[in-house]
Each structure stands twice: as C-alpha cells, then as structure tokens.
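Here is the structure we will look at, set down as structure tokens.
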Amino acid sequence: MLLLALDTSTPAVTAGIASLDATSGAVDVLAEQVTVDARAHGELLTPQLTEAARMAGIKLRELDAVVCGAGPGPFTGLRVGMVTAAALGHGLGLPAYPVCGLDAIAAEATGEPLLVVTDARRREVYWARYDAKGVRVAGPAVSAPLDVPVADAVRVAGHGAQVYPDAFDLPVVAPSYPTPCGLVRVAAAAIAAGAEPEPLTPQYLRRPDAQEPGERKRVRQ
C-alpha cells in the first residue's frame, strides 16, 4: 500500500511517501521532504508533498490513503496540514487518517517509558507519556514545562525538550518532530484493516491566539 504522510503540527513542515505491508505492518519510507520553518507551512507543504511523490516515482492518484498529524499544535500551522489532507482525500477519493503527532514521535522511540514534549509557544509545551511498548498512558495535554508530570519516564523525545532543556532532566532521544515513518506506524493497523478513519479533527488543546473583536467601548465626552 502506498501512503502519503503529512504533518504541520510543529515547526517542521513534513511530507513523505511510504509503503505499508498490510500483512506484516512493515513501513518503508520511499521519500520525504522536511523543512523546519514555523512560518512557512502554507507555502512549503504542497511543493514538498509533490516533490516527495516525484522522488518516490509515483503519481498521487496511485496512493491508497493519506495519513495526517492532527496535533496537538498551534492553530495556524496545524490547520494547513489538516486542510491539505482533507482536500487530497476528497479530490482523490482516498481515506485520510488523523493521528496524534506525539504518538508519531513515540512510535519511533519505543523500548523504555518515554515522555514526549513539543513546543506549544506561550512558554508551554504539549506533552504525553508512554510505556515501554509505546502505549500512551497520559496526555495529550498542555502545561508549563516545569508542571509536566515526568512520573516513571526515563527518556524524553520531541523538540520541546530542546527548547526547555532545564525543565526535563532526562536523556533526550530522537525524533524531535513527527516523521512520515512514525505517522504511518500509528495508523498502520487501521489502514491495513480498511477501517473507517476518525474525523479529521485537529487537537488544539487551547483557544487560538486570534480572538473575535468585542463590542467597541463607548467613549464618554
């Protein structure tokens, strides 16, 4: 099965083409394009997914499904990936599977209890904890770095640990951002089974920065 994996929930703009063996669950990344630029999700995502398909030697119409990171992440960047996944799924007649970006990071760092943290801005992080098998046991949630409950985690992954190194006194392991391989691994069982995707609902965990303007205050004379 050929899959397109997208993620814009972090400063990394990620697009990749992967093959999935529906029997064994093995994932092979055929091509990927990743640029770390928190201000360029909208400009870079479509050119990167097009280039990834070219590098893999396939046409988008040959895809079997789309996998998209659903956050948690900041509003502006996250919606770029979600809208793109929805548009491609609709236009190509493909199922689009949303996955938690923190789960995608954890999927490549299994083996010991793990804490995953990504930068949420406003001096906060998005976080989740996982057991040695990569099963999420807490989160996702958003907190100040020093308020994140480390519990029995013995390692930390995600770029939030690099942004706030003093808050996480644990060995830092890769990856820093959701990867095409990790995204596909999280959705692999559902894709292989032909399961109906969950709705493409972004995980913001808090209100967007932009607010609707309120009623103007009257100026007394």
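Annotations for the structure displayed:
- Filtered residues of the range 1-28 (kept if hydrophobic (A, V, I, L, M, F, W, C), under 21 Å from residue 40 (Cα atoms) and either touching a helix residue (DSSP H, G or I) at 6+ places or on another chain (Cβ under 7 Å) or surrounded by fewer than 23 Cβ atoms within 10 Å (Cβ to Cβ) (or both)): 4, 5, 6, 13, 15, 17
- Considering the range 43-82, and only residues there that are of a type in the set (Gly, Ala, Ser) and in contact with a His (Cβ under 9 Å, 6 or more places away or on another chain), the residue that is surrounded by the fewest Cβ atoms within 10 Å (Cβ to Cβ) turns out to be 77.
- Filter pass, residue 46 being touching a strand residue (DSSP E or B) at 6+ places or on another chain (Cβ under 9 Å) and either more than 29 Å from residue 126 (Cα to Cα) or modelled with pLDDT of 95 or more (or both): yes
- Of the residues making up the range 83-128, those that are within 15 Å of the chain's Cα centre (by Cα) and not hydrophobic (A, V, I, L, M, F, W, C) number 9.
- The set of residues in the range 83-111 that are surrounded by 23 or more Cβ atoms within 10 Å (Cβ to Cβ) and part of a helix (DSSP H, G or I) comprises 85, 101, 102, 103, 104, 105, 106.
- Some residue of the range 171-181 being at pLDDT below 95 and exposed (fewer than 13 other Cβ atoms within 10 Å of the Cβ): no
- Of the residues 145, 140, the single one that is more than 19 Å from the chain's Cα centre (by Cα) and surrounded by 15 or more Cβ atoms within 10 Å (Cβ to Cβ) is 145.
- Any chance residue 141 is of a type in the set (A, V, I, L, M), in contact (Cβ under 8 Å) with a residue 40 or more places away in the chain and in contact with a Ser or Thr (Cβ under 9 Å, 6 or more places away or on another chain): no
- Flag set for residue 31, criterion: in a strand (DSSP E or B) and among the small types (Gly, Ala, Ser).
- Condition check for residue 38: part of a strand (DSSP E or B), outside the structural domain of residue 120 (by TED's automatic domain parsing) and in contact with a Pro (Cβ under 9 Å, 6 or more places away or on another chain): no
- Any hit, the range 120-129, residues being of a type in the set (Ser, Thr, Tyr), in the same structural domain as residue 17 (by TED's automatic domain parsing), surrounded by 19 or more Cβ atoms within 10 Å (Cβ to Cβ) and assigned to a strand (DSSP E or B): no
- So residue 152, is it surrounded by 15 or more Cβ atoms within 10 Å (Cβ to Cβ), in contact (Cβ under 8 Å) with a residue 12 or more places away in the chain and of a type in the set (Asp, Glu): no
The values are calculated or read from the model by the stated rules, or taken from the named source; none is laboratory data. Everything quoted here is computed from the prediction, not taken from an experiment. Cβ coordinates were reconstructed from backbone atoms using ideal geometry, including for glycine residues, and neighbour counts include every protein chain displayed.
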